[in-house]
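Novice: Can you keep this structure in mind? I'll have questions shortly.
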């Protein structure tokens, strides 16, 4: 692939992206082919840059960013060319779940090797109300936590709060309900639930170095998995949280569970927050989630 066109899309505001790291990543990829570097400047820009690069004839795309930038890139990928994901965010769930190291330079070494050997892996991606997501979407509790973290703002360097901020946001959301949540949405064909999480792979997220396998059977090569606690009660809060976070939810009456699904339809009693890959998509009353099986070719 040394004669082919490679584009490196970089989010310079991602938590772990520095000038030194960008130079090291560029040099690593250049061992195979010199990348053309495109820097994002605003939310949604990665989608535009990826679409433009594909239409300009790029043979492969590599993205150095956090999960938000990864999500934008997937939504700009309107043709089937290989794409790689280098961890630049505080968590970078997608790249880590795909088996890449948490360090961007080490990950770039593996992606460069994949480019040289034309090694790819086809994965499923989800669509929630038409927007692609790579590893997870949520309606209700975790989407509310995403929104609370966004409201904390960013540092002067544009960095977003990390894992601990998200954990505290979950606790704040639960505290606002006094640890009690009744069913407030309907998952058609499954039943009513307090909130819903849809996973495209496992783990669903990380707490620092600890993977949280909320949907342990989810695989990138399969369809989507559903985890939806029916209700949350104060007396069983710790038990329910532990069951969900450790992935021990199958065959439990208090949690709706679905595996390898092609389509889900969810209707909320009132507008509820929705997220895809940690990006706030606003409040919704109805949600349609579909699997695009084998839609994307990933450099791994």
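Since every read-out is calculated from the coordinates, none of them should be taken as a lab result. Quick caveat: nothing in here was measured; it's all calculated off a predicted structure. Backbone-built Cβ (ideal geometry, glycine too); neighbour counts: all protein chains shown.
Novice: Rounded to the nearest angstrom and ordered from largest down, what semi-axes does the equivalent ellipsoid of the stretch 1-142 get from its C-alpha gyration tensor (root of 5λ)? Walk me through the intermediate numbers first.
Specialist: Values: eigenvalues 97, 57, 44 Å².
Sorted largest first and rounded, they come to 22, 17, 15 Å.
Novice: Using a Gaussian network model of the chain whose springs link C-alpha atoms within less than 10 Å, name the residue from 14, 143, 30 with the highest mean-square fluctuation.
Specialist: The residue with the greatest mean-square fluctuation here is 30.
Novice: Assuming R0 = 22 Å, what is the FRET efficiency of residue 20 and residue 103, from their Cβ-Cβ distance, to the nearest 0.05?
Specialist: 0.95
Novice: Build a GNM of the chain with springs between Cα atoms under 10 Å: which of 87, 183, 229 gets the top mean-square fluctuation?
Specialist: Of 87, 183, 229, the most mobile in the Gaussian network model is 183.
Novice: Given only helices, namely DSSP H runs of n ≥ 4 each adding -39500 (n - 2.57), what is the per-residue ellipticity at 222 nm of the chain, to the nearest 500 deg cm²/dmol?
Specialist: So the helix-based figure for the chain works out to -8500 deg cm²/dmol.
Novice: To test your reading of the geometry: what angle, between 0 and 90 degrees and rounded to tens, separates the Cα axis of helix 163-176 from the longest principal axis of the chain?
Specialist: 20 degrees
Novice: When all C-alpha to C-alpha distances in the chain are sorted into bins of 20 Å, what percent of pairs does each bin hold, rounded to whole numbers?
Specialist: 36, 55, 9, 0
Novice: Also, quick follow-up: Quick one: angle between helix 19-30 and the longest Cα principal axis of the chain, in degrees between 0 and 90, rounded to 10, please.
Specialist: 60 degrees
Novice: Go through 188-200, 42-54 and give me the packing order, highest mean Cβ count within 10 Å leading.
Specialist: 188-200, 42-54
Novice: Identify the residues of the stretch 97-120 with backbone N under 14 Å of a label point that sits 7 angstrom from the Cα of residue 27 along the Cα-to-Cβ direction, or state none.
Specialist: Correct set: 105-106, 109.
Novice: While we're on this one: Report the label-to-label distance for residue 37 and residue 129 in nanometres (one decimal), using points 7 Å from each Cα along the Cα→Cβ vector.
Specialist: Going from the residue 37 label point to the residue 129 one covers 3.7 nm.
Novice: Measure off 7 Å from each Cα along the Cα-to-Cβ vector at residue 177 and residue 265, then give the distance between these two points in nanometres to one decimal.
Specialist: The answer from the label model is 2.5 nm.
Novice: Give me the distance in nm between label points sitting 7 Å out from Cα along the Cα-to-Cβ direction at residue 207 and residue 233, one decimal.
Specialist: 2.4 nm
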